[in-house]
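Novice: Sharing a structure below in structure tokens format, with a few things to ask.
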Amino acid sequence: MSGSRPLKRHNMTSKPNLNVRALPLGPVMLDVAATRLTDEERERLCDPLVGGVILFARNFTGSEQLAALTTEIHALREPALIIAVDHEGGRVQRFRGDGFTRLPPMRTLGERWEQDHIAALEMARSTGLVLAAELIAHGVDLSFTPVLDLDYGVSRVIGDRAFHHDPQVVAKLAGALAAGMAEAGMGCVGKHFPGHGFIEADSHVDIPVDERGFDEVWAADIAPYRHRIGRQLAGVMPAHVRFPAIDPQPAGFSPFWLQEVLRGRLGFGGVIFSDDLTMEGATVVGDIVARARAAFSAGCDMVLVCNRPDLADELLDRWAPQVPDAVRERLLRLKASRRHGDVFALELNPLYRDARARVEALCAELG
């Protein structure tokens, strides 16, 4: 595919005088292929439907390169696109080395809780501060963390990404992590609502089915969202998990889960993100346009399309949603605050240095 793909709603060749920078944030988040933008990617990211970019490990080779990439992405439009990443700690940490501290898996914080509650909360807060401060210093606005799934010991995809099996412990540790992130200037996104920890199947490659009834899910898996952490979240990402005893659609395509439960019963007012619409768990809904329509209609504010630029192009060319002003306003609130400055300023900040020292000591214990 060449870099000359025409855009259905925004053709820069046919409208040379159009100011592409003055575009409100749209409801689609896309990825990019490498460490620099191509001409085709610049064009794609200027489509009015796009509102954000998600980065992966392949987009990082070093501190200066990442800062240059995020600067270029932010300069494409006004308001600037939201730049996000899955940067949790443990095996899901996209950027490692050269400007980034190794972060522990969240289960480690749960294990520390069993030894010393106060020390675990302090470590969670320090981890959140380091995680967010380093991302912000490199131009990243948002991390899709914390995982609020319970550790039932069976899920292949969740595993040590979960804090603990006790929902109250999950809520407290996640709340401390979120407080540290907020101290650095970044919001957080809880996932995977209402819960992905109870079943073994991985929604990246399977269509997970959880046979439990609503009362059981509400009492256990949703409990963290009913805790204080639920009010700290800037965003929530639902799971591509079906709960057939409750609703036939996967949670991320379900008005019941997103509007009645998350917005209604829980009173959540932040951004709802779909999980990646190219995952196997999303295919039950139809093609990429059907998936986006279903997710958006169910209550998602922003849909993710990753690792399939062909499907991204198909979605941008064929989908024409009406985006409420309230959705665009929620998206704008996701922008990070550069409270501690760039990479050089960060190194001079004693609050960050102390938190980093605690995180490094914990990870040294892990080996």
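Novice: Can you pull out the residues in segment 53-67 that are out of contact with any Asp or Glu (no Cβ under 8 Å at 6 or more places or on another chain), outside any helix (DSSP H, G or I) and crowded, with 22+ Cβ neighbours inside 10 Å?
Specialist: None; the set is empty.
Novice: Here is a further query. Would segment 137-154 turn up any residue that is surrounded by 20 or more Cβ atoms within 10 Å (Cβ to Cβ), of a type in the set (Asp, Glu), within 18 Å of Gly235 (Cβ to Cβ) and touching a residue at least 60 places away in the same chain (Cβ under 8 Å)?
Specialist: yes
Novice: Just to confirm my filter: which helices (runs of 4 or more DSSP H) fall fully inside segment 203-259 and include at least 3 residues that are under 23 Å from Pro146 (Cβ atoms) and out of contact with any helix residue (DSSP H, G or I) (no Cβ under 7 Å at 6 or more places or on another chain)?
Specialist: Filter on segment 203-259 gives 214-219.
Novice: If you don't mind, another one. Considering every residue within segment 335-343, establish whether at least one is modelled with pLDDT under 95, assigned to a loop (DSSP other than H, G, I, E, B), among the hydrophobic types (A, V, I, L, M, F, W, C) and in contact with a Gly (Cβ under 6 Å, 6 or more places away or on another chain).
Specialist: yes
Novice: Sticking with this structure for a sec: I'd like to know if segment 303-310 contains one or more residues that are free of Cβ contacts under 8 Å to residues at least 60 places away in the same chain, within 28 Å of Ala57 (Cβ to Cβ), among the basic types (Lys, Arg) and surrounded by fewer than 20 Cβ atoms within 10 Å (Cβ to Cβ).
Specialist: Among the residues of segment 303-310, at least one is free of Cβ contacts under 8 Å to residues at least 60 places away in the same chain, within 28 Å of Ala57 (Cβ to Cβ), among the basic types (Lys, Arg) and surrounded by fewer than 20 Cβ atoms within 10 Å (Cβ to Cβ), which makes the answer yes.
Novice: Something else about it: Please state which of the following conditions Ala67 fails to meet, knowing it meets all the rest: (1) closer than 24 Å to Ala201 by Cβ; (2) touching a His at 6+ places or on another chain (Cβ under 6 Å).
Specialist: The number of the failed condition is (1).
Novice: State which residue is surrounded by the most Cβ atoms within 10 Å (Cβ to Cβ) when the search covers only segment 245-288 and only residues that are among the polar types (S, T, N, Q) and either closer than 20 Å to Trp218 by Cβ or under 18 Å from the mean Cα position of the chain (by Cα) (or both).
Specialist: It comes out as Ser274.
Novice: Let me ask something else. Kindly indicate whether any position in segment 76-86 is surrounded by fewer than 22 Cβ atoms within 10 Å (Cβ to Cβ) and within 26 Å of His165 (Cβ to Cβ).
Specialist: Checking segment 76-86: at least one residue is surrounded by fewer than 22 Cβ atoms within 10 Å (Cβ to Cβ) and within 26 Å of His165 (Cβ to Cβ).
Novice: Something else now. Restricting segment 175-199 to residues that are farther than 17 Å from Asp86 by Cα and touching a Pro at 6+ places or on another chain (Cβ under 8 Å), which is surrounded by the fewest Cβ atoms within 10 Å (Cβ to Cβ)?
Specialist: The qualifying residue surrounded by the fewest Cβ atoms within 10 Å (Cβ to Cβ) is Ile199.
The values are calculated or read from the model by the stated rules, or taken from the named source; none is laboratory data. Since the structure is predicted, the reported quantities are computational estimates derived from the model, not experimental observations. Positions of Cβ are backbone-derived with ideal geometry, glycine not excepted, and every protein chain shown enters the neighbour counts.
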